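A.B. asks: Below you will find the structure I want to go over with you.
The values are calculated or read from the model by the stated rules, or taken from the named source; none is laboratory data. Predicted model only: the values in this text are computed from it and were never measured. When we count neighbours, we look across all protein chains shown, and the Cβ atoms used for this are built from the backbone with ideal geometry, even at glycine.
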Amino acid sequence: MFDFSSLTNNLEGSSLTNVIVIALVSFVLSSLIALIYQKTSRELESPKYFIQALILISIPVATVMQAIGDSLARGLGMLGALAIIRFRTTLRNPRNMVFMFTSISVGIAAGVYGITIAVIGTIGFCLVVLLIHYSDLSKKTTVIASLQFDIPNTILLASNKRNLIEDHLSNACVKVNLSKYAINNKKSGDTIIQMVSFDFKIKIESKEKARILVNELAIMDGIFNVRINFKDDYEKI
């Protein structure tokens, strides 16, 4: 018969029933973590393989912890065996790293029979994620973009066009930085025209205001090939 007291008191037990229950607990808790991640994620494309990894990783971690137990020799042997495996997947989003670490922590806690710790820790983590998701910390008030356009060098030298454009960008954006400035020769028929290419990194309040800014620049005299690329910042919880 399954001994719940051995689980809640962090006592070791290696019966078949205990092993099965530990695997089920790890699966249920990691599935809850994955569900909360999916519901609060702001990524347009759902990372299905990452969500599957969140669910699956706690089970082998719990299995490893049960196999090691209190044996130092087993721990060193398992460490050497796992060192052979090289994980080359990079989690560029810190939020994803937190969720993966939480799922691993659940497997560790369950594997050492800390069921109470695993359950309370998982529920507490999920509640905090939901709290942050619906708070002001999750509201994305600005967008970052790369604004590019070309101006003939003759127009740029003959007028104060650059200062006018920079003043217009400063008024429309929260922050503006010139990241690239290049002069290119473009052929138009038999004539070679020197075009100056500008690349500004801008922070603006919304994508709608960014589109308005692009339209305003496009109708200005002497400005050609106005284009903008939005950069998705790290998703917020």
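A.B. asks: Of all the residues that make up segment 201-231, how many are assigned to a strand (DSSP E or B) and not β-branched (Val, Ile, Thr)? Let's see the steps before the verdict.
C.D. replies: Narrowing segment 201-231 to residues assigned to a strand (DSSP E or B): 201-204, 224-231.
If we keep only those that are not β-branched (Val, Ile, Thr) as well, we get 201, 203, 224-225, 227, 229-231.
Count: 8.
A.B. asks: Name the residues in segment 142-181 that are in contact with an Asp or Glu (Cβ under 7 Å, 6 or more places away or on another chain) and at pLDDT below 80, would you?
C.D. replies: 142
A.B. asks: Oh, and also: Looking only at residues that are exposed (fewer than 11 other Cβ atoms within 10 Å of the Cβ) and modelled with pLDDT under 80 in segment 182-209, which one is nearest to the chain's Cα centre (by Cα)?
C.D. replies: At the first step, the residues of segment 182-209 found to be exposed (fewer than 11 other Cβ atoms within 10 Å of the Cβ) are 182-183, 185, 187-192, 208.
Right, trim to modelled with pLDDT under 80 and you get 185, 187-192.
Details: 185: 40, 187: 43, 188: 44, 189: 47, 190: 50, 191: 48, 192: 45 Å.
Among residues in segment 182-209 that are exposed (fewer than 11 other Cβ atoms within 10 Å of the Cβ) and modelled with pLDDT under 80, the one nearest to the chain's Cα centre (by Cα) is 185.
A.B. asks: Criterion first (under 20 Å from residue 143 (Cβ atoms), without any contact (Cβ under 8 Å) to a residue 24 or more places away in the chain and of a type in the set (A, V, I, L, M, F, W, C)) does residue 169 satisfy it?
C.D. replies: On the way: under 20 Å from residue 143 (Cβ atoms): yes; without any contact (Cβ under 8 Å) to a residue 24 or more places away in the chain: no; of a type in the set (A, V, I, L, M, F, W, C): yes.
Considered against the rule, which asks whether it is under 20 Å from residue 143 (Cβ atoms), without any contact (Cβ under 8 Å) to a residue 24 or more places away in the chain and of a type in the set (A, V, I, L, M, F, W, C), residue 169 comes out as no.
A.B. asks: Taking into account only those residues within segment 45-71 that are more than 28 Å from the chain's Cα centre (by Cα) and part of a loop (DSSP other than H, G, I, E, B), which is modelled with the highest pLDDT?
C.D. replies: Applying the first criterion (more than 28 Å from the chain's Cα centre (by Cα)) to segment 45-71 yields 63-71.
Narrowing further to those that are part of a loop (DSSP other than H, G, I, E, B): 69-71.
Details: 69: 72, 70: 68, 71: 66.
Here the answer is 69.
A.B. asks: Here are some residues: 42, 74. Which one is at pLDDT 70 or above, surrounded by fewer than 17 Cβ atoms within 10 Å (Cβ to Cβ) and not hydroxyl-bearing (Ser, Thr, Tyr)?
C.D. replies: Values: 74 fails: at pLDDT 70 or above.
On inspection, the qualifying residue turns out to be 42.
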